[in-house]
Amino acid sequence: MRGAYLAGIAALSAVAVAAAAGIVYGEATDRWYLGGSLVGVLLIAYAGIVLLLRKAGLIGPRKAER
Amino acid sequence: MSEPEVRPSRYGRVMTALLRATLRVDVAINRIVPSDYNPLYYTGGLANLFLLVLVLSGIFLFFYYEASLEGAFASVRYLTQTVPYGGLLRGVHRYAADAFLVAILLHLFRNWFTDRYLFSRDNPWISGMILLLFAGLIGFTGYQLVWDERGQVLTALFVRILRSLPGVGPAVADLFLGGPGVSDGTLVRVLFLHIGPASALYLLLWWHYLRLRHPKIWPPAAWVLFCVGLVFLLAGLIPVGAEAIPPAAPAARPTRFALDVFFLWPFWLLNWLPPAGVAVLGAVVFTAGLAIPYLGRRESPQALGVRHAGVAQVIDGNCTGCELCYYDCPYNAIIMVPSPRPGLTKAAANRTLLAVVVESRCVECGICIGACPFEALELPALLERDVLAQVAEAVRA
């Protein structure tokens with residue numbers, strides 16, 4: 001199962017890199033809504049990465065929950 | 001002699017069904033995400049997150065806003081179309097407002113269904129209801145500030161509702177308008193009614209947390225990233241400026257406009273109810289919300305046996321001065337004083353502090369008893385051995 005989580009993390013990392021490139025493209029071409037949408041995609045990808053890291057047991061639980 | 005069986009009321013049965021449904025949803029989510037990442041455990045924290053997003057994006061919008069009849073719509077249009085990322089941040093502000101209200105409502109219903117508003121928890125419930133009222137007012141005034149045809153109609157309808165209030169109605173309506181009709185002063189007032197209550201939200205939050213020792217005020221990082229990402233994504237994909245509502249004009253008589261179901265539903269009711277009816281309905285709903293902690297309890301305090309147990313008492317000889325009860329008491333009803341003498345038990349022999357209960361603050365909740373590992377606290381009319389006997393009897397039954 002851990003392999004599947006790590007594959008998911010790799011896939012989301014690729015999405016995040018693509019979103020970052022898109023943000024630069026949006027900024028360079030003054031497409032602010034495109035850039036803003038991709039900021040959202042980037043953050044959601046990061047959220048997925050953090051969640052999968054937690055599910056894989058590589059981080060957490062939160063200090064308050066220990 | 002066994003006690004007569006008490007049949008729960010219909011309200012009690014409905015609430016029990018909702019409690020079970022809530023817990024089933026919890027269990028289902030806990031199968032998908034680790035339990036410390038279950039977003040339903042952080043609905044209050046999520047509301048806080050969206051409030052911070054609202055404050056930060058609102059500060060940005062405020063720099064460009066002009067509170068006048070001539071300038072309001074033009075300043076919003078300039079912000080949306082010309083300022084880099086201005087339209088995006090306007091969308092972030094709008095969608096974060098909706099998400100803020102959704103998070104508050106989830107928080108409200110979850111705490112209602114799981115009985116976290118009863119007895120000594122009425123304080124966060126009451127403050128929460130007032131927070132909800134303020135959130136609704138802030139959201140509504142936000143739609144007025146744009147001063148497009150929708151803002152104009154909303155203002156006219158709101159004034160009609162105010163004027164319908166018995167006795168004080170016309171005076172309150174004039175106070176809101178800043179004169180007999182809409183003027184530049186009206187928008188200044190609306191701006192104040194948008195920003196003033198928003199600032200007061202943090203004061204109300206202080207009240208909300210006043211008696212909670214360990215409130216979860218912030219969600220896990222994954223949900224912070226997801227929620228902020230979601231509002232950015234929505235703001236980019238569904239731009240707020242795309243509604244294309246014309247600016248307000250004295251001659252305009254719009255009959256239809258896009259309705260935000262979260263903030264503007266009272267105005268939707270005006271399709272069927274007179275203005276006074278909407279005002280009365282709002283007052284009744286709000287008052288009923290305030291009364292929830294005191295009405296229709298699933299079990300009476302007497303049946304639960306948690307009230308009138310006498311304030312907590314410190315058993316001097318057992319107290320080690322460890323301060324656990326001091327930190328756990330949500331009511332600041334326990335203070336630590338220098339110990340005048342050593343305790344009687346081995347653990348308490350070298351203590352330097354002694355717990356003392358401030359009777360006027362104690363609500364007999366029993367949290368301190370659970371916090372104390374040394375059996376140094378008791379509720380006089382609800383001794384530990386009595387509780388254990390009740391538990392044993394319940395298990396047997």
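Sort out which residues of the stretch B:24-55 are among the hydrophobic types (A, V, I, L, M, F, W, C) and either in contact (Cβ under 8 Å) with a residue 60 or more places away in the chain or within 14 Å of chain A (Cβ to nearest Cβ) (or both), and write them in order of number.
Once the filter is applied, which keeps residues that are among the hydrophobic types (A, V, I, L, M, F, W, C) and either in contact (Cβ under 8 Å) with a residue 60 or more places away in the chain or within 14 Å of chain A (Cβ to nearest Cβ) (or both), the stretch B:24-55 yields B:ILE29, B:ILE32, B:VAL33, B:LEU40, B:LEU46, B:ALA47, B:LEU49, B:PHE50, B:LEU51, B:VAL53, B:LEU54, B:VAL55.
Tell me, which residue of the stretch B:218-240 that is over 21 Å from the mean Cα position of the chain (by Cα) and either of a type in the set (Phe, Trp, Tyr) or surrounded by fewer than 17 Cβ atoms within 10 Å (Cβ to Cβ) (or both) is farthest from the other protein chains (Cβ to nearest Cβ)? So that I can check it myself, show each step before the final result.
At the first step, the residues of the stretch B:218-240 found to be over 21 Å from the mean Cα position of the chain (by Cα) are B:221-222, B:225-226, B:229-230, B:232-240.
Then drop every residue that is not either of a type in the set (Phe, Trp, Tyr) or surrounded by fewer than 17 Cβ atoms within 10 Å (Cβ to Cβ) (or both), which leaves B:226, B:232, B:237-238.
Details: B:PHE226: 4, B:PHE232: 3, B:LEU237: 6, B:ILE238: 10 Å.
That would be B:ILE238.
Within the stretch A:50-58, the presence of at least one residue that is at the interface with chain B (Cβ under 8 Å from one of its Cβ atoms) and within 26 Å of B:LEU88 (Cβ to Cβ) is confirmed. Could you please let me know if B:ILE161 is touching a residue at least 12 places away in the same chain (Cβ under 8 Å) and more than 23 Å from B:ALA47 (Cβ to Cβ)? Criteria met by B:ILE161. Within the stretch B:329-345, does at least one residue satisfy the condition of being within 33 Å of the chain's Cα centre (by Cα), closer than 16 Å to B:GLU378 by Cα, touching a residue at least 40 places away in the same chain (Cβ under 8 Å) and surrounded by 16 or more Cβ atoms within 10 Å (Cβ to Cβ)? Yes: one or more hits.
Residues checked against (1) of a type in the set (Val, Ile, Thr); (2) more than 12 Å from the chain's Cα centre (by Cα):
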residue	(1), (2)
B:PHE50	no, yes
B:SER57	no, yes
B:LEU61	no, yes
B:THR82	yes, yes
B:LEU101	no, no
B:ARG121	no, yes
B:TRP125	no, no
B:MET129	no, no
B:LEU133	no, no
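Which of the following residues is at the interface with chain B (Cβ under 8 Å from one of its Cβ atoms) and either surrounded by 14 or more Cβ atoms within 10 Å (Cβ to Cβ) or of a type in the set (A, V, I, L, M) (or both): A:VAL39, A:VAL17? Walk me through it before giving the result.
Details: A:VAL17 fails: at the interface with chain B (Cβ under 8 Å from one of its Cβ atoms).
Residue meeting the stated conditions: A:VAL39.
Residues A:TYR5, A:TYR46: which one is crowded, with 20+ Cβ neighbours inside 10 Å, closer than 30 Å to B:ARG31 by Cα and in contact with a helix residue (DSSP H, G or I) (Cβ under 9 Å, 6 or more places away or on another chain)?
Working: A:TYR5 fails: crowded, with 20+ Cβ neighbours inside 10 Å.
Only one candidate passes the filter, namely A:TYR46.
In the stretch B:242-262, the residue that is modelled with the lowest pLDDT out of those that are surrounded by 12 or more Cβ atoms within 10 Å (Cβ to Cβ) and under 30 Å from the mean Cα position of the chain (by Cα) is B:PHE257.
The values are calculated or read from the model by the stated rules, or taken from the named source; none is laboratory data. Keep in mind that what you see is a predicted model, and the values were worked out from it rather than measured. Cβ sites come from the backbone with ideal geometry, for glycine too, and all protein chains shown count toward neighbours.
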